[in-house]
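Trainee: I'd like to ask some things about the structure below.
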Amino acid sequence: MTVVALEGINLSYRGGGLFSRHPPRTVLRDAALRINEGECVALLGRTGSGKSTLGRILLGLERPDAGTASFRGAPLLNGRGRMIPATRRALQAVFQDPYGATSQRHTAFDVVAEPLLQDGLPRAMLRDRVAALMHQVELDPAPMDRLAHRMSGGQLQRLCIARALAPCPALIVLDEAVNSLDAETQAHLMVLLRRLRQDGMAFLFITHDLRLLRGFADRVCVMQDGRPLPVPPPGSGMPEPAALAELRAALLPARPPVRDGARREAHAIA
Ligand SMILES: Nc1ncnc2c1ncn2[C@@H]1O[C@H](COP(=O)(O)OP(=O)(O)OP(=O)(O)O)[C@@H](O)[C@H]1O
């Protein structure tokens, strides 16, 4: 069953404010994307190609100029542009900067408990649930009453993932969620995300770094001319979108000082 579907999405941004004489910049043109239950779709694209804009439309944070967005077959937003609470809980996101995505006054407990507060759980049960979620992302729950911003970037991003998991969502949008972290922390987080995939949630994994995809995505799309185009599976012999070749080229130095095997690895995706 389809979790979210976007069809015929157009979106332009007005340059320089409402009364600007700059022409609007078209970011999405007839864009379509469908994600099924439990599926992990990677959305690649160079910077500024519209990946995050598409992700925000899918989360109901942005309204397209044209096109339809649906969640489990029903419109994502109601006639007044609002999302019903059950849909909001079902669609979660983890963004690039965990410090910007959390309050510096909040403890680790506050961050993870936030989406659960409306459930009205007794305090002891809420703390047990937060502890279980912290375990799920391999964080020690013992210091949950310390300020979240005292954590390292990698630990705080795990906390943000725990917050996204808290309402048992159907889909999590990971918008460059590991890109700001060092290589070792990135690798550990990717191991965690691969494990979480087994829990049956769907993911939209947005990145401009195709090296992160290996073994994670069921399907890969790449933004080209304002729309996500499917990337054929490796070895299928089908032509791949030009935008993917550009991303590959950007990965390789002009005169790569690498052995053939290592170069082949840089070329492999997913
Ligand atoms: N609120 C906004 N107002 C005006 N222009 C915007 C706005 N949000 C995004 N843009 C512009 O739309 C284009 C697409 O932005 P978007 O963030 O979706 O790209 P992206 O592919 O996610 O890039 P990145 O990888 O750098 O995050 C960019 O040129 C950006 O400057």
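The values are calculated or read from the model by the stated rules, or taken from the named source; none is laboratory data. Fair warning: this is a prediction, and the values are worked out from it, not measured in the lab. Each accessible area value is taken on the protein alone, full model and side chains, heavy atoms only, with ligands, DNA and RNA left out. Shrake-Rupley method; radii C 1.70, N 1.55, O 1.52, S 1.80 Å.
Trainee: Run the 1.4 Å probe and let me know the accessible area of His208, rounded to the nearest 10 Å².
Mentor: Roughly 90 Å² of His208 is accessible to a 1.4 Å probe.
Trainee: Separate question: For segment 1-97, take the alpha-carbon Rg, divide it by the Kirkwood Rh, and send me Rg/Rh. If you can, show how the numbers build up before the last one.
Mentor: Values: Rg = 14.2 Å, Rh = 14.5 Å.
In segment 1-97, Rg relative to Rh is 0.98.
Trainee: Between Glu246 and Asp182, what length in nm is gained on full extension when 0.36 nm per residue of separation is reduced by their alpha carbon distance?
Mentor: 20.6 nm
Trainee: Using a 1.4 angstrom probe, figure out how much accessible area the chain has per residue, in square angstrom, rounded to the nearest whole.
Mentor: Values: 13930 Å² over 270 residues.
Using a 1.4 Å probe on heavy atoms only, each residue of the chain averages 52 Å².
Trainee: Can you check what the Kirkwood hydrodynamic radius comes to for the chain, Cα pairs only, in Å to one decimal? Kindly include the intermediate steps, with their values, before the conclusion.
Mentor: Numbers: mean 1/r = 0.0502 Å⁻¹.
Hydrodynamic radius (Kirkwood, Cα only) of the chain equals 19.9 Å.
Trainee: Helix-only estimate, please: 222 nm mean residue ellipticity of the chain, summing -39500 (n - 2.57) across DSSP H runs of length 4 or more and dividing by its residues, to the nearest 500.
Mentor: -8500 deg cm²/dmol
Trainee: Quick one: what are the phi-derived ³J(HN,Hα) couplings along segment 89-97, Karplus 6.51/-1.76/1.60 with θ = phi - 60°, whole Hz, x for glycine and proline?
Mentor: 6, 6, 10, 10, 9, 10, 9, 5, 9
Trainee: Now, a different point. How much accessible area does Cys221 have with a 1.4 Å probe, in Å² rounded to the nearest 10?
Mentor: Result for Cys221: roughly 10 Å² accessible.
Trainee: From the C-alpha gyration tensor of segment 37-89, pull out the three semi-axes of the equivalent ellipsoid (sqrt of 5λ each), sorted largest to smallest, in whole Å.
Mentor: With the √(5λ) rule applied to segment 37-89, the semi-axes are 21, 15, 9 Å.
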